[in-house]
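The values are calculated or read from the model by the stated rules, or taken from the named source; none is laboratory data. Just so we're clear, the structure is a prediction, and the values are computed from it rather than from any experiment. Backbone-built Cβ (ideal geometry, glycine too); neighbour counts: all protein chains shown. When the accessible area is computed, the model is the full protein with side chains, heavy atoms only, and any ligands, DNA or RNA have been set aside. Shrake-Rupley method; radii C 1.70, N 1.55, O 1.52, S 1.80 Å.
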Amino acid sequence: MVTPLPQLLAELDVELVESGITEYGFTGYAHQADGRLLLAMRPGQPAVERDCVARALLGNALGVPMPDLPAPYRVSDLAVL
């Protein structure tokens, strides 16, 4: 948890990109395709929010136990059919 986010993403070969979703309440999502993990985050997020949410999404995607985010944030899993 002390590794700087850019270093952590590089070590895990995870790409962080800006999402086109700018709706209120949206913070980001993780998507796995072709064996690679992509984190898409809301443009213009405060750095602290981006760091915390990215780590939570990353932990969830990799199955690493993580503490819950503070309200109003939450991580949800969506199944794609």
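Tabulated values for the structure
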{"item": "Difference of contour (0.36 nm per residue) and Cα-Cα distance, residue 26 to residue 38", "result": "2.7 nm"}
{"item": "Heavy-atom accessible surface of the chain: percent carbon and sulfur, 1.4 Å", "result": "58 percent"}
{"item": "Whether region 1-40 is rounded, prolate or oblate, judged on the alpha carbon gyration tensor where a/c under 1.5 counts as rounded", "result": "oblate"}
{"item": "Gain in span if fully extended, residue 49 to residue 12, counting 0.36 nm per residue against the direct Cα distance", "result": "11.3 nm"}
{"item": "Protection-proxy order for peptides 48-60, 7-19, 64-76, each taking the mean of Cβ atoms within 10 Å per residue, highest first", "result": "48-60, 7-19, 64-76"}
